[in-house]
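Trainee: Sharing a structure below in structure tokens format, with a few things to ask.
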Amino acid sequence: MAQEQIKGEQIIQPDWAANAIKSANDLDEALQKLIQHTGVLASDAKKVFPSADPKNLSELNAQNAAIEKSIDLQKQDIQTKILAQQANKRVRDEVLASLSAYSKLSREYRLASQAAKDMAAADILAGKAFSQTTKEAIFKANGLNEQLKKIDASMGNYTRNVGNYHGAVKALASGVGGLSGIMAMIGEALGINTEALQTLTNTSKELIKTSRELSHAKHLEAIAGEESTVATEVNTAATETNVVATEGATEATGLYGIALRGVAAISQATGLSMAASWALATGGITILIAGIASLVYYLNSAKDASEELAKQEAYRKDQAEREAEFLSVYDKEAIDNAETKIALLKKQGASIKEIHDAEQELLSLKIAQNKAEQEKLNTQTPDAENEKKLNTLLVEANKLKNEQLLLDTKEVDKKKELNKVSEDELDILLKFVHTSEELQKIQKDAQHDAAQSRTDKENLIVVTDNEAKAVKHLTSEYDRLNKTKAGLAGDSSGSPSALTQKEIDLQKKADAEKLENAKKLNDAIFKLAEDRVKAEQNLNKEQLSKIDEQLNQQFELLKNGQKNTYDFLLKEKAKALEEQAKLEKKARKEKEAEQLVNIFLEFLKADIAAGGGKNGFGAAAKALAQTALAKTLAEGLSGFYEGTEDTGSGGNIDSKGGMLAVLHPHERVLTAEQNAMIGSLSNEELVNSVFKYHIAEKKGIDMIKDNVIEEKLDQLISVVKNKKESSVEWKSLWIATQKVTEGGITNETTFINPPIIKRQQPFKN
Amino acid sequence: MNKLLHFFIQYREKKLLKKCYTSIEDLPVFYWRKIHESKNLSFLIRSDIISLNKKHPSKINLFILAKLWERIYDQYIEAFGFSEEFLEIHRKKKEMAIWRLRMVAENNKSHQNFINACQIELDAMIKAQGSGSNYFETKAFVESVMRVPIDDLKTSVSEFYYKLKLAEKKISNGTRAD
């Protein structure tokens, strides 16, 4: 259901409460007049109030009556004012209640009508007839509207109280009923019991009392009167009967005569007087006439009702036809619009999706129209022409179904295409990601190179151009000659033929490049190691700071004598400090390693620049550089600088996966086989176990043999093995067999008639 | 019908009044007391038989006797007047009534305060008056002061109250009758 913000002024019709408010104002005015009237009475009573002392009983009674009247007037005044307050409150409450109920109803109607309109519009746009839900929504909205109309129309009779205000005002204006009468009327209008008010008034009391007495007297008089009347009637009846009997020859003519004869017949039959018979006949005729009248009225009303029904039916039919006509016209337009839209999209080169959606829309409209036409034909009288039309429509419906299937298939293909497109896009994206990664790497390298080149430039020794050229020329010449020599001498390090200058330069350049690469890699790796150590140090620092915080808190608890974990935290702090020291040491050693590697690589660089090693070092240097020595060094250095349980899968220094490592004095290295024997024990645990079991103190002694525990165990085993065991078995009451096992040998002895005592005790050997 | 009734009542009145005490001069104080105690006006009808309880009169007789009683009471008031205490209370009630009328006429609720004040004074007056002395106390007082025994059935109302008046006067003067 559509939800919308509804404002009060939209819901409440401004004039609906005017009648109620006007009536309330009128009542208020009337009550105010009543109050004024009471005041006037009181002032009059005050004027005539006797001030002198009574001289006799009648004066005393009169004065007492005046006193009573003053009390009554005061009570009337209070009650009237209370009535006025209650009336105002009642009206206010009723208005508010009506307002809320009315506003609620109005809001419901607005929402229902909006929802119904939305649903109907959606159905029309979709090219469908109104669905059941839409019809229900319309019906609901109309029902609410009718209710609101009824309320608006019957505003004067909305509540009994509101309507009757007019009566009360009229009564007041005409002065009917006097004060108590007016109040009674008003009270009745307001639903307030005013009997108490009336009984308070002495005048009313007296009036009631006197009237009762008078009415009783009147009643008696009436009874006396009636009896005389009855007597007169009897005489009259007798006279009339005589008249009928004696004047039987006289025939009255016309309708009167018929009636008279009929009445006479009734009189004779019933024995009643003519007057009574007249009454009976009249009564009967009256009843008959009333019956006829009521029958006529009923028939007329039935006729009216049926005419009304026929009108409504005709109206509904007309509405349905108009709706169908409207829909058909609307449908045709909609179809034309849809076709135009498709053509336009194709011309503009719209996407497949858009064209597909437009085609789907067109197809839906056509199907809806077909269905509506079928329904229309079904409502009409079946004849040959209609049958033919229906068949055409059915064929068309089938065609539309096929089109729908085709469209659905296209939808599937379209989706597959979209998926493929998305897959291609994904591949492209992935490639882009890889490319961007490579680009980033290249950029990073370039930045590093730029930084390095700046550093190199700073470290360059300033040499004059001529000197440098001279040195370079000489060095290259020297290299060339050495190589030629080496080649001639069959040194593998040289080449078989003399190398040209260009070749030497190229070789040098290549070596320098490799060395540069190695240096770059080395720097990167040491940087990573440095970063890692720094991160570990930061972490440790954070932990330390946290421990310090907690220490402070626990110290406070300790001071207050409360339960705390101060000692535990102290231990934790000690561990953290130890870890910090280790990390610092590690960072220092990695730095030393880095410097060492740098020096080595610089040496290589210088050596390469100088044209290679004179004593074959150049070849070694070349091999080192070519085999990415720096990387291996760095890995080897930072991998287990502080010891490790496993050096990993190995490097490529030699055929056995050898790798370089930096070792320090008095450190232990195990082979892989020895390490395998230790198993998953960490270095720490291994050392602790050795320390715990004092294994290190047994240096030089055969620990297996001198193992006290093992010896003891052996002894125990031997004792258990050689333990003497005996058992007794009774074969019968007189025969017992004793088995003694010792050292694996069992001796069995049979006793005949052994003594009872011995039976109870274990046999001793 | 009304005329007949009226005639009948007049006729009945004439006949009844002949049998009744018609003034305070002849009404014994005993019956005066009984009427006040029992509210039964039948005691106004003379009777040779002295009875402490009488049947209440019929409606017509009641109507007649009520008029007679009113006349007798007026005679009493004319002769002896209302008591000062009674008059004070009555005046206070009238004052209250006037305040009420003023409150209604002027629509001024503040007058309720005066009404409340009057009510308090009235309650105090009624309380101060007490329940009053009963007939026997009064009779004993009169007998003690006047030194004369009083026969209820033979002493009329006027006689009794004149003696009472005298006794009160004597007491107020501080002398006793010799």
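Trainee: With a cut-off of at most 14 other beta carbons within 10 Å, and DSSP calling the residue loop, which trypsin sites (Lys or Arg not before Pro) in region A:707-745 qualify? Please list them.
Mentor: Here the sparse-neighbourhood loop sites are A:Lys723, A:Lys724, A:Lys731.
Trainee: DSSP loop trypsin sites (Lys or Arg not before Pro) in region B:96-167 with at most 16 other Cβ atoms within 10 Å of their Cβ, which ones?
Mentor: B:Arg147, B:Lys154
Trainee: At what distance in nm do the modelled label points of A:Ser718 and B:Asn116 sit from each other, each positioned 7 Å from its Cα along Cα→Cβ?
Mentor: 12.3
Trainee: How high is the relative contact order of region B:77-147, in percent, with contacts defined as C-alpha pairs under 8 Å that are six or more residues apart?
Mentor: On the way: 27 pairs, mean separation 19.7, N = 71.
Once divided by the residue count of region B:77-147, the mean separation gives 28 percent.
Trainee: Sum up the charges of everything whose Cβ sits under 13 Å from the Cβ of B:Ser23, counting Lys and Arg as +1 and Asp and Glu as -1, but leave B:Ser23 out.
Mentor: Values: positive: B:Arg46, B:Arg71; negative: B:Glu25, B:Asp26, B:Glu70, B:Asp74, B:Glu78, B:Glu159.
Neighbourhood net charge equals -4.
Trainee: Quick check: from the Cα gyration tensor, does chain B come out rounded (a/c under 1.5), prolate or oblate?
Mentor: Values: a/c = 2.72, a/b = 1.18, b/c = 2.31.
In terms of gyration-tensor shape, oblate.
Trainee: Stretch A:Lys692-A:Trp730 to full length: gain in nm at 0.36 nm per residue minus the Cα-Cα span?
Mentor: 8.1 nm
Trainee: Only Cα pairs under 8 Å and at least 6 apart count here; give the relative contact order of region A:535-587 as a rounded whole percent.
Mentor: The value is 46 percent.
Trainee: While we're looking at this one, here's another question. In square angstrom, what is the accessible area per residue of chain B with a 1.4 angstrom probe?
Mentor: Spelled out: the 1.4 Å probe surface of chain B, per residue, equals 63 Å².
Trainee: May I ask for the net charge around B:Lys139, where only other residues with Cβ less than 11 Å from the Cβ of B:Lys139 are counted and Lys, Arg are +1 while Asp, Glu are -1? Mind dumping the intermediate values first?
Mentor: Details: positive: B:Arg33, B:Lys163; negative: B:Glu137, B:Glu143, B:Asp151, B:Asp152.
Residues close to B:Lys139 contribute a combined charge of -2.
Trainee: Sticking with this one: Could you compute how much accessible area chains A and B hide from each other, both sides summed, with a 1.4 Å probe? Nearest 100 Å² is fine.
Mentor: Interface between A and B: roughly 2100 Å².
Trainee: Note the per residue figure in Å³ for the convex hull of the C-alpha positions in region A:23-80.
Mentor: Per residue, the Cα convex hull of region A:23-80 comes to 61 Å³.
Trainee: Sticking with this one: Quote the accessible area belonging to A:Thr409 in square angstrom, nearest 10, computed with a 1.4 Å probe and with ligands, DNA and RNA left uncounted.
Mentor: 70
Trainee: Here's another thing I want to ask about it. Just add up the charged neighbours of B:Met96: K/R +1, D/E -1, any other residue whose Cβ is under 11 Å from the Cβ of B:Met96. Kindly include the intermediate steps, with their values, before the conclusion.
Mentor: Working: positive: B:Arg91, B:Lys92, B:Lys93, B:Lys94, B:Arg100, B:Arg102; negative: B:Glu95, B:Glu121.
Once positives and negatives cancel, what remains is +4.
Trainee: When the helix-only estimate is applied to chain B (DSSP H runs of n ≥ 4, each -39,500 (n - 2.57), divided by the residue count), what is the mean residue ellipticity at 222 nm, nearest 500 deg cm²/dmol?
Mentor: Estimated from H runs of four or more residues: -22000 deg cm²/dmol.
The values are calculated or read from the model by the stated rules, or taken from the named source; none is laboratory data. Since the structure is predicted, the reported quantities are computational estimates derived from the model, not experimental observations. We place every Cβ from the backbone using ideal geometry, glycine too, and count neighbours over all the protein chains shown. With ligands, DNA and RNA removed, areas are computed over all heavy atoms of the protein, side chains included. Shrake-Rupley method; radii C 1.70, N 1.55, O 1.52, S 1.80 Å.
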